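The values are calculated or read from the model by the stated rules, or taken from the named source; none is laboratory data. Everything numeric here is computed off the predicted structure, so don't read it as measured data. Positions of Cβ are backbone-derived with ideal geometry, glycine not excepted, and every protein chain shown enters the neighbour counts. To get the accessible areas, we keep the full protein, side chains included, count just its heavy atoms, and leave off ligands, DNA and RNA. Shrake-Rupley method; radii C 1.70, N 1.55, O 1.52, S 1.80 Å.
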Amino acid sequence: MINYSVKEMESDKTSRKAYELKSSGKLAEALKLYSKLAASSDEPRYHMAYALCLQDMSHWKQSIEVLTKAIDLNPPYCLPDAQLSLAVAYLKVNSKKKAIKLLKVCADRPPEYPSYETLDSHNNRHTWQ
């Protein structure tokens, strides 16, 4: 049995509320909750969610700082997504050299998803031509 602390349960409740707000288009309200979660926790998923909400609001520069923190927390389950989102943010703020360097890291990473191998056959079908 997993024992969760009161703080962890409250954080999960707050995270669900923030997700609901973001999903319903209430980005500013979601951002406030994600900001509080990230400030009070070293849980990488809160930092990722905060950064992605910042990006949804086109706050690219701020998202770089938050994504860097998420990556520093070394989350194996969201590291590829964090790096790719960071590369996009670098492009948006015209840090193209940093973006290219990070995109190369992402491109060189071996595929981890079981369905990855099927992408080539699907992507080679140019049905729009």
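Beta carbons closer than 6 Å, at least 6 apart along the sequence or on distinct chains, pair a first residue in the range 13-31 that is more than 16 Å from Arg45 (Cβ to Cβ) with a second that is open to solvent by less than 100 Å² (accessible area, probe 1.4 Å) and of a type in the set (Gly, Ala, Ser) for Leu21/Ala30.
For (1) closer than 15 Å to Ser15 by Cβ; (2) surrounded by fewer than 17 Cβ atoms within 10 Å (Cβ to Cβ), each residue gets a yes or a no:
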{"site": "Ser40", "(1), (2)": "yes, yes"}
{"site": "His47", "(1), (2)": "yes, no"}
{"site": "Leu54", "(1), (2)": "no, no"}
{"site": "Met57", "(1), (2)": "no, yes"}
{"site": "Lys61", "(1), (2)": "no, yes"}
{"site": "Thr68", "(1), (2)": "no, yes"}
{"site": "Ala82", "(1), (2)": "no, no"}
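Being outside any helix (DSSP H, G or I), open to solvent by less than 70 Å² (accessible area, probe 1.4 Å), more than 17 Å from Gln55 (Cα to Cα) and out of contact with any strand residue (DSSP E or B) (no Cβ under 6 Å at 6 or more places or on another chain) is the requirement here; does Pro75 meet it? Taking the combined requirement at face value, the residue satisfies it.
Okay, residues lined up against (1) over 30 Å from Pro110 (Cα atoms); (2) within 13 Å of the chain's Cα centre (by Cα); (3) in a helix (DSSP H, G or I):
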{"site": "Glu10", "(1), (2), (3)": "yes, no, yes"}
{"site": "Ser15", "(1), (2), (3)": "yes, no, yes"}
{"site": "Ala18", "(1), (2), (3)": "yes, no, yes"}
{"site": "Gly25", "(1), (2), (3)": "yes, no, no"}
{"site": "Met48", "(1), (2), (3)": "no, yes, yes"}
{"site": "Ala51", "(1), (2), (3)": "no, yes, yes"}
{"site": "Glu65", "(1), (2), (3)": "no, yes, yes"}
{"site": "Ile71", "(1), (2), (3)": "no, yes, yes"}
{"site": "Asp81", "(1), (2), (3)": "no, yes, yes"}
